[in-house]
Amino acid sequence: QVQLVESGGGLVQPGGSLRLSCAASGSIFSINTMNWYRQVPGKERELVAATTSIGSTTYAESVKGRFTISRDNAKNTVYLQIDSLKPEDTAVYYCNAQFRSKRSSPWTEIWGQGTLVTVSL
């Protein structure tokens with residue numbers, strides 16, 4: 001059983017910073033993409049940052065320059081450094097990954113349980 005466990009969310013004032021972590025555990029042969037999404041109640045889940053196994057990264061326009069995604073392949077962990085937080089960044093942040101349990105296995109997508117980030121005075 002493979003799972004993603006996020007941590008690092010919380011309440012922060014506007015202009016503050018947070019670092020989210022997401023660790024994958026279980027029977028993992030390799031991980032392809034590791035991504036961060038966020039969702040506000042009543043809205044669709046949106047991709048905010050993505051990274052490949054070789055370290056390529058992409059960001060949503062709304063977070064460029066403020067969010068930084070990174071990963072530690074040895075630890076099967078992805079991070080999201082969030083700086084200059086704004087109230088509109090308030091959301092549940094979800095980790096997402098594509099993994100396979102064996103070399104011959106198909107890629108499987110998995111989601112974490114989410115971690116709440118609240119930006120408020």
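The values are calculated or read from the model by the stated rules, or taken from the named source; none is laboratory data. From a predicted model like this one, the values you see are computed outputs, not experimental measurements. Heads up, the Cβs are rebuilt from the backbone with ideal geometry, glycines too, and the neighbour counts pull from every protein chain shown. Each accessible area value is taken on the protein alone, full model and side chains, heavy atoms only, with ligands, DNA and RNA left out. Shrake-Rupley method; radii C 1.70, N 1.55, O 1.52, S 1.80 Å.
Given q = 0.31 Å⁻¹, what are the Debye log10 I(q)/I(0) values for the range 81-121, with equal point scatterers placed on the Cα positions and solvent ignored?
Evaluating at q = 0.31 Å⁻¹ gives log10 I(q)/I(0) of -1.04.
Expected output is a single nm value to one decimal: the length gained when fully extending between THR52 and SER105, i.e. 0.36 nm times separation in residues minus the C-alpha distance. What is it?
17.2 nm
For the range 1-109, with all protein chains present and a 1.4 Å probe, just round the carbon and sulfur fraction of the accessible area to a whole percent.
48
Given a Förster distance of 30 Å, report the FRET efficiency between ILE28 and SER84 from their Cβ-Cβ distance, rounded to the nearest 0.05.
E(calc), rounded to 0.05, equals 0.35.
Could you provide, to the nearest whole Å², the per residue accessible area of the chain with probe 1.4 Å?
Here the residues of the chain average 54 Å² of exposed surface.
Can you find, among ILE69, PRO41, LEU85, the residue farthest towards the positive end of the dipole of the range 33-121? Put +1 on the C-beta of Lys and Arg, -1 on that of Asp and Glu.
Value computed over the given set: ILE69.
Could you state the principal axis extents of the C-alpha atoms in the range 28-88, from the largest down, to the nearest angstrom?
Rounded to whole Å, the extents work out to 37, 24, 17 Å.
Counting pairs on different chains as well as pairs 8 or more places apart, how many Lys pairs in the chain have Cα atoms under 21 Å apart?
The number of close lysine pairs in the chain is 4.
Considering every Cα-Cα pair within the chain, what fraction, in whole percent, is farther apart than 21 Å?
34
In whole Hz, with x marking every Gly and Pro, tabulate ³J(HN,Hα) for the range 22-30 from phi via Karplus 6.51 cos²θ - 1.76 cosθ + 1.60, θ = phi - 60°.
Once rounded to whole Hz, the list reads 9, 10, 9, 9, x, 7, 10, 8, 7.
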